[in-house]
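Single-structure report; data block below.
The values are calculated or read from the model by the stated rules, or taken from the named source; none is laboratory data. Note that this is a predicted model, so its numbers are computed, not measured. Cβ placement follows ideal geometry from the backbone for every residue including glycine, while neighbour counts extend to all protein chains displayed.
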Amino acid sequence: MTCVKEIFGPVMSVMPFDTEEEVLKRANNTTFGLVSGVFTKDISQAHRMAENLQAGTCFINNYNISPVEVPFGGFKQCCGKVLAGRTAR
């Protein structure tokens, strides 16, 4: 449920995967896209994943650590399509 429904609260779904393509397809298979997170020891993998996740913000090896003045929002049916991170204006 936590992978396809938009819920609020700090929730982390941990699921094994074999390929990056598999996990990206699973993660992007939602009508929402507010925040995503990648936890890995491989920073190159984290950057590849963050680039391809359909979310307004992608945290790497942490969660919800950002300055309060940074705009936030999401993709798809989330938050009126206001973008965050490097795409925020």
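Residues of the range 54-71 being assigned to a loop (DSSP other than H, G, I, E, B) and at pLDDT 80 or above, which ones?
Gln54, Ala55, Gly56, Asn61, Asn62, Tyr63
Can you tell me which residue is surrounded by the fewest Cβ atoms within 10 Å (Cβ to Cβ) among those in the range 23-48 that are basic (Lys, Arg) and out of contact with any helix residue (DSSP H, G or I) (no Cβ under 8 Å at 6 or more places or on another chain)?
Checked the range 23-48; the qualifying residue surrounded by the fewest Cβ atoms within 10 Å (Cβ to Cβ) is Lys41.
Quick check on this structure: which one of Glu6, Glu20, Glu51 is surrounded by fewer than 16 Cβ atoms within 10 Å (Cβ to Cβ) and modelled with pLDDT under 85?
Glu6
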